[in-house]
Amino acid sequence: MLTIESVELLLLVAAVVAMAARRLRLPYRVGLVLGGIVLAWLPFAPDISLTRELIFNAFLPPLIFEAAIYIAWPSLRKDLPLVLTLATVGVVLSAGITTVGMHVLAHWSWPAALLFGVLISATDPVSVIATFKEAGVHGRLRELVEAESLLNDSTAAVGFGIAIAFATGTAITPLGTIQVLAVTIVGGMGCGAAVAAAVLALAGRTKDPMVEITFTTIAAYGSFLLAEHLEVSGVLATLTAGIMLGNLGPLGAFSPMGREAVQSFWDYAAFVVNSLIFLMMGMLEAHQNFTRVLLPVSIAIALVTIGRALSTYLCCGLFRGSDLRVKASHQHVLFWGGLRGALALALSLGLPTTLPYRDTVVTVAFGVVAFSVIVQGLSITPLMRFLGEIGPASADASGDTALEPSL
């Protein structure tokens, strides 16, 4: 269980890792994963597990909300056709390539290949947002990558539900699939809008920063939990609430002191949650036996990489002749910056225990996530520096920016 004692220990380790990452100029989240691997083998390691419920109900809402309050709606609205294409067509294309490849090359059954292809196809908002904060990336590139990672989670979640139905023998139809997708999207956005509207109405009646912080916390978790209770997209609900409060709140609902307090609170909340997630991810990775699935893991890494490349370049190519054209260097970062992380682990851990291939799918998912966080995580900042997306100072401070505010 995640007790007060275990949280204290994990935060102490996170603080030490943050200090070491600065000196070693190591990406903070990579240091956390490596620190978690080491911690798992120490005699005083806390006995905790990173479960689907913990990720979805405790960790995702604050991370999504914190990222959403900094998204400028005018910029997002302009790029929305591109972002939606990447988050829908791109995810489906990537999942399809991985599914077919795992069936043909790894000789997995179609249900197992489909489940894996869907759960690993979406880039993880937790990993992506942490990466770009550390690298000090701003402007359109960061908006595109973060917005896509926040939106494509809903596509993967709906697809995962369909894949589960297929794997368990439940009848599914094209019309039923469209209905589920529509209800999930509209319902999630509706829950987020309703909670945000209520919070904005209440926040306008107080000038107490502590109360205003409390209202935003209610918005983050309340929108997510309400949507999940109604079986619609919790991520879209929290994303909608965050965008509304971030763009409408400054118009007068929050006091000037309250806005500053809210931003500081959510910057720290994101740091704490990121620290816990990546440390616990490393502890889980330490106990995975990858030797028995070395070949499937290698095949999966290659397929996921190819799928991400094709989906990124093909989707961006559709807008080549328009005002939404994405320059080549941005496309390269979109491709290599599509990290997998806690979301893929949460979906894999949520697989029914009755499925005979569940353990293999979970272990291979862990292998792909380990490659993504460590290999891609270590190389994305040098890649952006090589492409001229960040300056030498930003790149060298990769271990330093984890503690800095997003704005």
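The values are calculated or read from the model by the stated rules, or taken from the named source; none is laboratory data. Keep in mind that what you see is a predicted model, and the values were worked out from it rather than measured. No Cβ is skipped: glycine too gets one built from the backbone with ideal geometry, and neighbour counts run over all protein chains shown. In case anyone asks, the SASA skips ligands and DNA or RNA and just uses the protein heavy atoms, side chains included. Shrake-Rupley method; radii C 1.70, N 1.55, O 1.52, S 1.80 Å.
Only residues that are in contact (Cβ under 8 Å) with a residue 40 or more places away in the chain, on the phi < 0 side of the Ramachandran plot and open to solvent by 10 Å² or more (accessible area, probe 1.4 Å) were counted in the range 135-153, giving 4.
I want to confirm something. Restricting to the range 97-110 and keeping residues that are in contact (Cβ under 8 Å) with a residue 60 or more places away in the chain and out of contact with any Gly (no Cβ under 7 Å at 6 or more places or on another chain), which single residue is surrounded by the fewest Cβ atoms within 10 Å (Cβ to Cβ)? Quick ask: steps written out before the conclusion?
Of the residues in the range 97-110, the ones in contact (Cβ under 8 Å) with a residue 60 or more places away in the chain are 97-98, 101-102, 105-106, 108-109.
Then drop every residue that is not out of contact with any Gly (no Cβ under 7 Å at 6 or more places or on another chain), which leaves 101, 105-106, 108-109.
Details: G101: 20, L105: 16, A106: 20, W108: 24, S109: 13.
That would be S109.
Looking at this structure, is R205 of a type in the set (K, R) and open to solvent by less than 40 Å² (accessible area, probe 1.4 Å)? Judged against the criteria, R205 is not a match. Name the single residue, out of those in the range 51-87 being modelled with pLDDT under 90 and of a type in the set (S, T, N, Q), that is nearest to T240 (Cα to Cα). Applying the filter and picking the extreme gives S75. Looking across the range 38-58, the residues that are within 26 Å of L351 (Cα to Cα) and either polar (S, T, N, Q) or open to solvent by less than 10 Å² (accessible area, probe 1.4 Å) (or both) come down to S49, L50, T51, I55, N57. Considering every residue within the range 289-305, establish whether at least one is open to solvent by 10 Å² or more (accessible area, probe 1.4 Å), among the hydrophobic types (A, V, I, L, M, F, W, C), closer than 30 Å to I164 by Cβ and at pLDDT below 85. Within the range 289-305, one or more residues are open to solvent by 10 Å² or more (accessible area, probe 1.4 Å), among the hydrophobic types (A, V, I, L, M, F, W, C), closer than 30 Å to I164 by Cβ and at pLDDT below 85. Residue pairs whose Cβ atoms lie under 7 Å apart, sitting 6 or more positions apart in sequence or on different chains, and linking a residue in the range 308-325 that is small (G, A, S) to a partner that is outside any loop (DSSP other than H, G, I, E, B), are A309/F335; S311/G90; S311/L93; S311/S94.
Could we say that E260 is closer than 21 Å to N152 by Cβ, out of contact with any Leu (no Cβ under 9 Å at 6 or more places or on another chain) and surrounded by fewer than 24 Cβ atoms within 10 Å (Cβ to Cβ) here? Even if it seems obvious, please write down each step before you answer.
Values: closer than 21 Å to N152 by Cβ: no; out of contact with any Leu (no Cβ under 9 Å at 6 or more places or on another chain): yes; surrounded by fewer than 24 Cβ atoms within 10 Å (Cβ to Cβ): yes.
Judged against the criteria, E260 is not a match.
Among the residues of the range 359-383, those identified as of a type outside the set (V, I, T) and buried (at least 17 other Cβ atoms within 10 Å of the Cβ) are A365, F366, G367, A370, F371, S372, Q376, G377, L383.
For S348, are the conditions met, namely being farther than 18 Å from R29 by Cβ, open to solvent by less than 40 Å² (accessible area, probe 1.4 Å) and polar (S, T, N, Q)? Working first, answer last.
Values: farther than 18 Å from R29 by Cβ: yes; open to solvent by less than 40 Å² (accessible area, probe 1.4 Å): yes; polar (S, T, N, Q): yes.
Considered against the rule, which asks whether it is farther than 18 Å from R29 by Cβ, open to solvent by less than 40 Å² (accessible area, probe 1.4 Å) and polar (S, T, N, Q), S348 comes out as yes.
Restricted to the range 314-334, and to residues there that are in a loop (DSSP other than H, G, I, E, B) and open to solvent by less than 30 Å² (accessible area, probe 1.4 Å), the residue that is farthest from Q376 (Cα to Cα) is L324.
It is to be established whether one or more residues within the range 268-281 are surrounded by 24 or more Cβ atoms within 10 Å (Cβ to Cβ), touching a residue at least 12 places away in the same chain (Cβ under 8 Å), under 16 Å from P61 (Cβ atoms) and not aliphatic (A, V, I, L, M). The answer is yes, given that some residue of the range 268-281 is surrounded by 24 or more Cβ atoms within 10 Å (Cβ to Cβ), touching a residue at least 12 places away in the same chain (Cβ under 8 Å), under 16 Å from P61 (Cβ atoms) and not aliphatic (A, V, I, L, M).
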